[in-house]
Amino acid sequence: MTDGGCESFGSGPALKTVEQALDFLLAQVRPVTEVETVALNQALGRVLAQAVVSAIDVPPWRNSAMDGYALNSMDLQQGTRLPISQRIPAGCVGEPLIPGTAARIFTGAPVPEGADTVVIQEDCSLDGETISIQRCPPPGANIRAAGEDIRQGQEVLAPGVRLGPQHLGLAASVGITELTVFRRLKVALFSSGDELVMPGGSLGPGQIYNSNQFTLSALLQALGCDVFSLGIVEDTFDATCEALARGAREANLVIASGGVSVGEEDHVKPAVEKLGTLDLWKIAIRPGKPLAFGHIDKTPFIGTPGNPVSLFVTFCLFARPFILRTQGVLGSVEPLLLKAQADFAWDKPVKRREYARARVSIDHQGITTATLYPTRSSGVLSSVAWANALVVIPEHKTLAMGDTLNFIPFNDLLS
């Protein structure tokens, strides 16, 4: 739950918990309302704006679930010999079944009128044009009923779902060629810091390559956002104000990396406060305490820390749910929590909840274990490439080897 009262959420010395911060961010969401219609093969990752209703039954007729022989169960006894009266491959419609005969049928083919059972071919012996039944299934066996999957008029996809391959396949199964989706979120992105150089340039004394822009841009593209970069912004108050104002004019969301702390060269926080409001700052989390959220006019702003691991963690935990909800996703947007055993001991309790980089694996006995990266430094980006999960270390807790803990798999965060 969020704090009540009129005090600004970001004011005061108290750090906000992860739950307080996420609740607050999601309460600030103003979802995209504009929609567009796109071809089915262009809809992957988009958020559905209009329900998909089936105009047909799926399957549209009774069909065989197996390769075998269609017959009437009244003719079925163990050892029964029946002549084969017709052959029905998938894509063909057979004739009504002649009483006392069987029809050779293949998976997906319509079951002929007069047949109510399919005997799989492994339970039959073929002798020329006659079969002998060795095992008798019950009536209705191995037949998919008309409308067994979907009924005509049924809603098959609800608004607010983020479309994956399975959703596109489902839409195709009812004959849909186009989907109405919400417009993509346009995100303006910039990096703050005179020490930054774009890859391909020459590094001067005290300079580093700008990895954050590429990490953020890729994270945003994975969420289906339209991203445009404002580049590297010099460490001045005026330049920071100019970048923020431009981003707010041209995008639906502005994200900055770096400059959100309280140093003399950190200009993002005061610039946001001049141009708009800073509503959230400082969360009881490690890495990534200085996460900023506010508005420039009506455009939301998120400021991530400059350290690359802090940026990665705070984006995944806070910016990602905010963006998904803004795009129109109505289901859960919070990270998936799974269980593992600690392959380490955590002897010293921490005041802030820690999201530690970890590699989670399953051994030959099916036991899931989590191993930590050897350093906690938030500047070691290689640790994120090494890891496949974030392990949650609760506040004020210790862990012994073998204790059960929560972890968030990267495959949930990075898609």
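The values are calculated or read from the model by the stated rules, or taken from the named source; none is laboratory data. All of these numbers come straight from a predicted model, not from anything done at the bench. Glycine also receives a Cβ, built like all others from the backbone with ideal geometry; neighbour counts cover every protein chain displayed.
Return yes when SER310 is in contact with a Lys or Arg (Cβ under 9 Å, 6 or more places away or on another chain), outside any strand (DSSP E or B), of a type in the set (Ser, Thr, Tyr) and closer than 21 Å to GLN221 by Cα and no when it is not. So SER310 fits the description; yes. When the stretch 344-388 is limited to residues that are among the hydroxyl-bearing types (Ser, Thr, Tyr) and at pLDDT 95 or above, the one that is surrounded by the fewest Cβ atoms within 10 Å (Cβ to Cβ) turns out to be SER382. Checking each residue in the stretch 138-151 for being in contact (Cβ under 8 Å) with a residue 40 or more places away in the chain, under 17 Å from LEU76 (Cβ atoms) and surrounded by 13 or more Cβ atoms within 10 Å (Cβ to Cβ) picks out ASN142, ILE143. So, of the residues in the stretch 262-272 that are under 13 Å from ILE302 (Cα atoms) and at pLDDT below 90, which turns out to be surrounded by the fewest Cβ atoms within 10 Å (Cβ to Cβ)? Of everything passing the filter in the stretch 262-272, LYS269 is surrounded by the fewest Cβ atoms within 10 Å (Cβ to Cβ).
Taken over the stretch 78-99, the residue count meeting the criterion of being in contact with a strand residue (DSSP E or B) (Cβ under 7 Å, 6 or more places away or on another chain) and either touching a residue at least 40 places away in the same chain (Cβ under 8 Å) or not aliphatic (A, V, I, L, M) (or both) is 12.
Do we find that LEU291 is in contact with a strand residue (DSSP E or B) (Cβ under 8 Å, 6 or more places away or on another chain), at pLDDT 90 or above and aliphatic (A, V, I, L, M) in this structure?
Numbers: in contact with a strand residue (DSSP E or B) (Cβ under 8 Å, 6 or more places away or on another chain): yes; at pLDDT 90 or above: no; aliphatic (A, V, I, L, M): yes.
No: the conditions fail for LEU291.
Please verify whether the stretch 133-145 includes one or more residues that are farther than 30 Å from ALA158 by Cα and β-branched (Val, Ile, Thr).
First, the residues of the stretch 133-145 that are farther than 30 Å from ALA158 by Cα: 133-142.
Then drop every residue that is not β-branched (Val, Ile, Thr), which leaves 133.
Checked against the condition, which is being farther than 30 Å from ALA158 by Cα and β-branched (Val, Ile, Thr), the stretch 133-145 yields at least one hit.
Applying the selection to the stretch 285-339, what residues are among the hydroxyl-bearing types (Ser, Thr, Tyr) and free of Cβ contacts under 8 Å to residues at least 60 places away in the same chain? Within the stretch 285-339, THR299, THR314, SER332 meet the criteria. Summed over the stretch 100-136, the residues that are surrounded by 13 or more Cβ atoms within 10 Å (Cβ to Cβ) and touching a residue at least 40 places away in the same chain (Cβ under 8 Å) give a count of 24.
The residue pairs whose first member lies in the stretch 210-225 and is under 20 Å from SER192 (Cβ atoms), whose second member is part of a helix (DSSP H, G or I) and aromatic (Phe, Trp, Tyr), and whose beta carbons are closer than 7 Å, counting only pairs six or more residues apart or on different chains, are THR215/PHE312; LEU216/PHE315; LEU219/PHE315.
Restricting LEU253, LEU220, LEU275 to those that are modelled with pLDDT of 90 or more, over 23 Å from the mean Cα position of the chain (by Cα) and not β-branched (Val, Ile, Thr) reduces the list to LEU275.
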